[in-house]
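Student: Before I ask anything, let me first share the structure, which is written out below as structure tokens.
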Amino acid sequence: MEQKADIGLIGLAVMGENLVLNMESHGFTVAVYNRTVEKVDAFTGGRGRGKKIIGTHSLQELAGALKGPRKVMLMVKAGKAVDDFIEQLIPLLSPGDIIIDGGNSHFPDTIRRTKYVESRGLLYIGTGVSGGEEGALKGPSLMPGGSPAAWPHVKSIFQSIAAKVEDGTPCCDWVGENGAGHYVKMIHNGIEYGDMQLICEAYQIMKESLGMSASAIHKVFKRWNEGELNSYLIEITRDILAYKDTDGKPLVDKILDTAGQKGTGKWTSVSSLDLGVPLTLISEAVYARCLSAMKDERMAASKVLSGPKKKIIKNKEAFLRDLEKALYASKIISYTQGYVLMRAAAEEYKWSLNYGGIALLWRGGCIIRSVFLGRIKDAFDRNPQLSNLLLDPFFKDTIEKSQKSWRRVVSTAALNGVWMPSCSTALNYFDGFRSARLPANLLQAQRDFFGAHQYERVDKPRGEFFHTNWTGHGGETASSSYIV
């Protein structure tokens, strides 16, 4: 009897190959296909030799090699390639079969595709996959969403191959309908942008204001990774700073200071604007990459624009203690903003998200995995309706204990002309969020003055709007009320 596969996978780049090997190592038979069919033979004859992997040379052959309900996972470039494969697969599949997109697709595309595939009698999953090539092989974080009826059929595969936390709980669970899985992955990537930028700012101020070498900064990150900042990104930063080039000098010092991006951070910022949620830290991290890419302009500007003369801080250890607290406090703000945005998206798109469960999904396998995420899960265990992490007792207490250090770091950076956009905007968000009254009263007066946009009053009930003829020439006709 011909062997049938438990799941099929299309796309044998490094992530696809490693996911196949991960599935196979957990007892699943996998059928594979790649548009360049030579890759199929190279894989089955190389890394996949002797394993429960079925190589196929056409989509028809792939579909015929699968057990029902058939499950086909796409690990191809986001965008048109996903749509193209969906169109090619639909005629080859039967009602109840499942198409899975494991790429970094934009969540509106996943919403659209779920509706379309379901209209054709099939089921659809859009799943975030985080952890890079190592995670794909050894255990990624998986964030599936889409057609709820599909989840029971893929649950055993996904939870088997996912990373596990200390008690064996898999870093994979159902997130929600249509685009919810890819939305949560997008937020993950946005937070990743923020974490990386905050770490880079800490590195920069150690280098510029403490005069520390890469080797000395390595020791700081090594120490930090043994405390509350313990995380994958702190860990790899530690190792990067210790890595020597062939001439024995730190390789990091020789890398050009221009950063790339694939768009998920930008998508997160755009979503925050669409939903009216202040995502200031992650947005600054996105803009930081954009500014870094303006290398030629910055080089020219550095020759004509001057700032304060940089002073080397004398009490290094005291400042490093402050910097550790400032980094931790800023990290809290990054996750706070990300979670507020997820809550707004859940309301907008009618998703029922498990916020503590999402923190658990990120505890292992993914790029932002850290001890810190356990604190977030605890916060939502204490209060599943928590609207803002800063209102949780643990985070409130931590921020209060960190405030003086945080402010000293930000002010030191400003006075010394050291660029710290994300750390600074994190503090600004905190100061804005804790303010009972902001200067938006003046802003509304300005809008009413030039555009008759109306305003509410503190001495009247919310929802009543007023217009003033500020100049005596504007008339009494009002425009529209403002949108908060």
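Student: Assuming a ≥ b ≥ c are the square roots of the Cα gyration tensor eigenvalues, decide whether the range 304-355 counts as rounded (a/c under 1.5), prolate (otherwise, with a/b larger than b/c) or oblate.
Tutor: Numbers: a/c = 9.60, a/b = 2.29, b/c = 4.18.
Here the range 304-355 falls in the oblate category.
Student: Once the Cα atoms of helix 107-119 and of the chain are each reduced to a long axis, what angle between those two axes, in degrees from 0 to 90 to the nearest 10, is obtained?
Tutor: 40
Student: Can you bin every Cα-Cα distance in the range 389-484 into 10 Å intervals starting at zero and give me the percent of pairs per bin, rounded to whole numbers?
Tutor: That works out to 13, 30, 21, 21, 14, 1, in percent per bin.
Student: Let me check against my output: what whole-number percent is the relative contact order of the range 33-188, with C-alpha pairs under 8 Å and at least 6 apart? Let's see the in-between values first.
Tutor: Values: 269 pairs, mean separation 29.1, N = 156.
Contact order relative to length: 19 percent.
Student: Show which aspartates and glutamates lie in cross-link reach of K262 when reach means a straight Cα distance below 15 angstrom and same-chain residues fewer than eight apart are skipped.
Tutor: Cα-Cα hits under 15 Å: E192.
Student: Moving on. For the range 105-247, report the convex hull volume of the alpha-carbon atoms normalised per residue, in Å³, without decimals. Show your work: numbers first, answer last.
Tutor: Values: hull volume 20.3 nm³, N = 143.
That works out to 142 Å³ per residue.
Student: Right, another one. On a 0 to 90 degree scale, rounded to 10, what angle separates helix 80-89 from the longest Cα axis of the chain?
Tutor: Rounded to the nearest ten degrees, it is 30.
Student: Hey, another quick one. Which of K39/K266; K71/K331; K309/K331; K350/K377; K219/K254; K222/K249 have a Cα-Cα distance over 27 Å?
Tutor: On the way: K39/K266 33 Å; K71/K331 38 Å; K309/K331 29 Å; K350/K377 22 Å; K219/K254 20 Å; K222/K249 19 Å.
Pairs exceeding the cut-off: K39/K266; K71/K331; K309/K331.
Student: In whole angstrom, how long is each semi-axis of the equivalent ellipsoid of the range 1-152, when you take the square root of 5 times every eigenvalue of its Cα gyration tensor and sort them from largest down?
Tutor: Over the Cα atoms of the range 1-152, the ellipsoid semi-axes are 22, 18, 14 Å.
Student: Could you please state, rounded to a whole Å, how far the C-alpha centre of the range 188-216 is from the C-alpha centre of the range 255-326?
Tutor: 10
Student: Can you classify the range 1-74 as rounded, prolate or oblate using the Cα gyration tensor, where a ≥ b ≥ c are the square roots of its eigenvalues, rounded means a/c under 1.5, and otherwise it's prolate if a/b beats b/c and oblate if not?
Tutor: On the way: a/c = 1.40, a/b = 1.16, b/c = 1.21.
Cα axes put the range 1-74 in the rounded bin.
Student: Hey, another quick one. Give the relative contact order (percent, whole number) for the chain; include only Cα pairs under 8 Å separated by 6+ residues.
Tutor: 12
Student: Now for a separate question. How are the alpha carbon pair distances in the range 356-443 distributed across 10 Å bins from zero to the largest one, expressed in percent?
Tutor: 14, 33, 36, 15, 2
Student: Using Rg and Dmax of the Cα atoms in Å as the read-out, say which of (i) 25.6, 91; (ii) 27.3, 87; (iii) 41.3, 167 was calculated from these coordinates.
Tutor: (i)
Student: Hey, how many Å between the Cα centroid of the range 367-397 and the Cα centroid of the range 40-69?
Tutor: Answer, in whole Å: 43.
Student: Next question, about the same structure. Over the Cα atoms of the range 213-330, what radius of gyration and what Dmax do you get, in Å?
Tutor: Just the Cα atoms of the range 213-330 yield Rg and Dmax of 17.4, 51 Å.
Student: Just to confirm my numbers, what's the Cα centroid distance between the range 440-454 and the range 86-148 in Å?
Tutor: With the range 440-454 and the range 86-148 each reduced to a Cα centre, they are spaced 47 Å.
Every number in this text was worked out from the coordinates using simple rules, so none of it is lab data. Note that the structure is a prediction, hence the values are computed from the model and not measured.
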